[in-house]
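J.: I have a structure I would like to understand better, so I am pasting it below and will then ask my questions one at a time.
The values are calculated or read from the model by the stated rules, or taken from the named source; none is laboratory data. Note that the coordinates shown come from a computational prediction; the quantities given were computed from them, not determined experimentally. Neighbour counts run over all protein chains shown; Cβ positions are idealised from the backbone, glycine included. For accessibility, only protein heavy atoms count, side chains too; no ligands or nucleic acids. Shrake-Rupley method; radii C 1.70, N 1.55, O 1.52, S 1.80 Å.
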Amino acid sequence: MQTPILPPSLTAGTPERPTVRQAAREFETAFLVEMLKAARQANEPLAEEREMTGAENYQEFAERYLAEELAGKNVLGFAQLLERELTG
């Protein structure tokens, strides 16, 4: 038997599954965005110094899009795990 991650006080009222599913997917997306951003920032010292007017914005959009696609395909499985824990 698997021990729940959340305490019973937080899981007493079972939330609606579509709401939980959306929140879990958004959490996974936010996690992936931060992971991609950290990977990019770790690589920046290796890149040549260059002036990038507006390119950072496009990079952030691309990272967000990639994170949403990955989360939508349940690549890491965080959303599914969270949904299962929150809905019992």
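J.: Considering each residue of the range 71-80, count those that are outside any loop (DSSP other than H, G, I, E, B) and without any contact (Cβ under 8 Å) to a residue 12 or more places away in the chain, and give that number. Before the answer, list the steps.
T.: So the first thing to find is which residues in the range 71-80 are outside any loop (DSSP other than H, G, I, E, B), and the list is 71-72, 78-80.
Checking which are without any contact (Cβ under 8 Å) to a residue 12 or more places away in the chain leaves us with none.
Looking only at that region, the number is 0.
J.: For the range 57-80: of the residues being of a type in the set (A, V, I, L, M) and more than 14 Å from residue 30 (Cβ to Cβ), which is most open to solvent (accessible area, probe 1.4 Å)?
T.: Narrowing the range 57-80 to residues of a type in the set (A, V, I, L, M): 62, 66-67, 70-71, 75-76, 79.
Within this subset, residues satisfying the condition of being more than 14 Å from residue 30 (Cβ to Cβ) are 62, 75.
Working: 62: 53, 75: 86 Å².
The residue in question is 75.
J.: Residue pairs, Cβ under 6 Å, 6 or more apart or interchain, first in the range 26-49 and within 17 Å of residue 71 (Cα to Cα), second at pLDDT below 80 and open to solvent by 80 Å² or more (accessible area, probe 1.4 Å). List them.
T.: Pairs that qualify, where the first residue is within 17 Å of residue 71 (Cα to Cα) and the partner is at pLDDT below 80 and open to solvent by 80 Å² or more (accessible area, probe 1.4 Å): there are none.
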